[in-house]
Amino acid sequence: MTTPFTLDGEQRKWCAELRTLAARQLRPLAGPEAPGRVNRPLVRALGELGLLARVLPSDGPVRAMDLCLLRASLAQECTEAETALALQGLGAYPVLRFGTGEQRSRWLPEVVAGRAVAAFALSEPGAGSDAAALELRAAPDPGGDGWRLTGEKCWISNAPGADLYTVFARTGPAPRAAGITAFLVPGDRPGLGGQPLEMLAPHALGTLTFDGVPVGAGDVVGEVGGGFRVAMNTLDLFRPSVGAFAVGMARAALGAALAHAGERRAFGGPLKDLQAVSHRLADMATRTEAAALLVHAAAAAYDAGEPGIARRSAMAKLFATETAQYVVDAAVQIHGARALQRGHLLEHLYREVRAPRIYEGATEVQRTIIAKELYRAADVYGGE
C-alpha cells in the first residue's frame with residue numbers, strides 16, 4: 001500500500017516554507033481584485049520562485065503529491081497565487097504530456113518561467129459537465145491541409161488574456177468523445193476573440209470566440225480524434241489537486257474560526273466554551289483532516305501508477321470540495337456579521353469556495369464517475 005497517512009518531515013517542512021513564501025512574497029502581488037484579468041506579475045513571480053517548475057518539471061513526470069501539497073499550502077495563505085499556479089499547470093500539462101518536441105520546446109520554458117500564460121479551453125455554453133457534447137467545429141480548410149475552428153468556448157480560466165490555449169474541437173463525424181481533437185492555439189491567432197466574465201469567484205475567467213481560426217497539423221496535441229483522452233488524462237491528474245485547493249481553504253477558515261472563538265466573548269465567556277461552538281469546530285477539523293487524507297491517497301495512488309485513478313480522483317475532489325464549503329460556511333456562522341464584510345478573509349473564501357464544486361467536473365459528475373467505476377469493478381470481480 002502506497003497511501004501515506006502522514007506527511008514525512010521533509011514534506012511538512014516544504015509546506016511550511018510554501019505558506020511563508022505565499023504570505024510574504026505572493027500575497028502582496030495579489031492586489032485588488034480585477035475580475036476577468038490575468039495577474040501577470042503574480043504569474044511571473046511563481047515562475048521566478050521555481051514553483052511552476054514543480055508543476056511542469058522538465059526532468060521527469062509530474063508528481064501528483066507535489067501538486068497537491070503546493071496547491072493546499074498556497075491556498076491556505078493566498079488563493080490568488082494558488083489559482084494562478086494551477087491554471088498554468090492545467091493549460092500546459094497537455095503539451096507536457098502529449099505535445100510534440102517542437103511544441104514543448106516552444107512553449108514550456110515560457111510557461112514555466114511565468115512569461116507566457118496558459119489556458120485549458122474545454123467548456124462551452126452547451127457542454128459544461130457533459131464535456132463530450134462540445135460543438136466547437138474544426139472544419140477542413142479548403143485552402144490548405146489544416147482546419148478552421150468555428151464556435152465558442154465559455155467559462156475558460158485565463159481567457160481572453162492567455163498567450164496559449166489548449167483547445168478541444170470536433171474534427172470528425174464520430175459521435176461524442178470519439179470525434180474530438182486537441183489543438184494548441186496561440187492567443188494572437190487570427191479570428192480568435194473573447195470577453196472577460198465577472199463571476200462570483202475572483203479570478204480571470206472569460207469566453208472565447210473562434211471565427212475561422214486556422215490550425216494545422218503542427219497544432220494538434222496528441223492524435224487527431226484523441227482529444228478526449230488528452231482532456232480526461234489531464235483532469236485525472238488535476239482533480240485531486242482541486243481537492244487540495246479546497247483543503248487549503250478549509251484549513252484557513254478553520255484557523256480563523258479557532259482564533260475568533262478564543263478571542264470573542266459572549267454569554268459570560270469566550271465562544272469556544274460554548275458546546276455548540278466547540279462541537280462545530282471539532283466537526284470542521286475532523287472533516288478537513290479526512291478530506292486531506294483522501295487527497296493524499298489519490299495523489300499517492302496516481303504517482304505509484306495504481307489502478308482506479310479515475311475513481312480515487314473523483315472521490316478526492318468530491319469530498320474535499322464539499323467539505324470546504326461546509327467548513328467555510330461554518331466559520332462564517334461562528335464569526336457572525338463581521339465575516340460578511342467586504343475584505344474579510346472569510347468573505348473572500350466564501351466566494352472562492354463555491355466554484356470548485358462545479359469546475360473540472362461538478363459534484364454530481366464526480367458521483368457518476370465513482371458509481372461507474374464501482375459497477376465496472378463489480379463486473380470484473382463478480383460483484384464481490
Hey, among Gly212, Gly218, which residue is part of a strand (DSSP E or B), in the same structural domain as Lys153 (by TED's automatic domain parsing) and surrounded by fewer than 15 Cβ atoms within 10 Å (Cβ to Cβ)?
-> Gly212
Might you check whether a residue that is among the aromatic types (Phe, Trp, Tyr) and within 23 Å of Gly60 (Cα to Cα) occurs anywhere in region 119-127?
-> yes
So is Gln325 of a type in the set (S, T, N, Q) and over 29 Å from Val55 (Cα atoms) or not?
-> no
Whichever residue in region 257-273 is surrounded by 15 or more Cβ atoms within 10 Å (Cβ to Cβ) and of a type outside the set (D, E, K, R) and, among such residues, is farthest from the chain's Cα centre (by Cα) = Pro270
Do we find that Thr288 is under 27 Å from Ala84 (Cβ atoms), in contact (Cβ under 8 Å) with a residue 12 or more places away in the chain, surrounded by 21 or more Cβ atoms within 10 Å (Cβ to Cβ) and out of contact with any Phe, Trp or Tyr (no Cβ under 7 Å at 6 or more places or on another chain) in this structure?
-> yes
Those residues of region 319-361 which are of a type in the set (Lys, Arg) and within 16 Å of Glu82 (Cβ to Cβ), in sequence order | Arg351, Arg354
When you look at Val43, is it in contact (Cβ under 8 Å) with a residue 60 or more places away in the chain, among the aliphatic types (A, V, I, L, M) and not in a helix (DSSP H, G or I), yes or no?
-> no
Taking into account only those residues within region 129-175 that are of a type in the set (Asp, Glu) and out of contact with any strand residue (DSSP E or B) (no Cβ under 8 Å at 6 or more places or on another chain), which is modelled with the lowest pLDDT?
-> Asp130
Would you say Ala127 is touching a Leu at 6+ places or on another chain (Cβ under 7 Å), surrounded by fewer than 20 Cβ atoms within 10 Å (Cβ to Cβ) and in the same structural domain as Val213 (by TED's automatic domain parsing)?
-> yes
Within region 79-129, how many residues turn out to be within 16 Å of Arg239 (Cβ to Cβ) and basic (Lys, Arg)?
-> 1
Filtering region 182-204 down to residues that are buried (at least 24 other Cβ atoms within 10 Å of the Cβ) and modelled with pLDDT under 95 yields Ala204
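The values are calculated or read from the model by the stated rules, or taken from the named source; none is laboratory data. The structure displayed is predicted, hence computed values, not measured ones. All Cβ positions, even for glycine, are placed from backbone atoms using ideal geometry, and neighbour counts span all protein chains on display.
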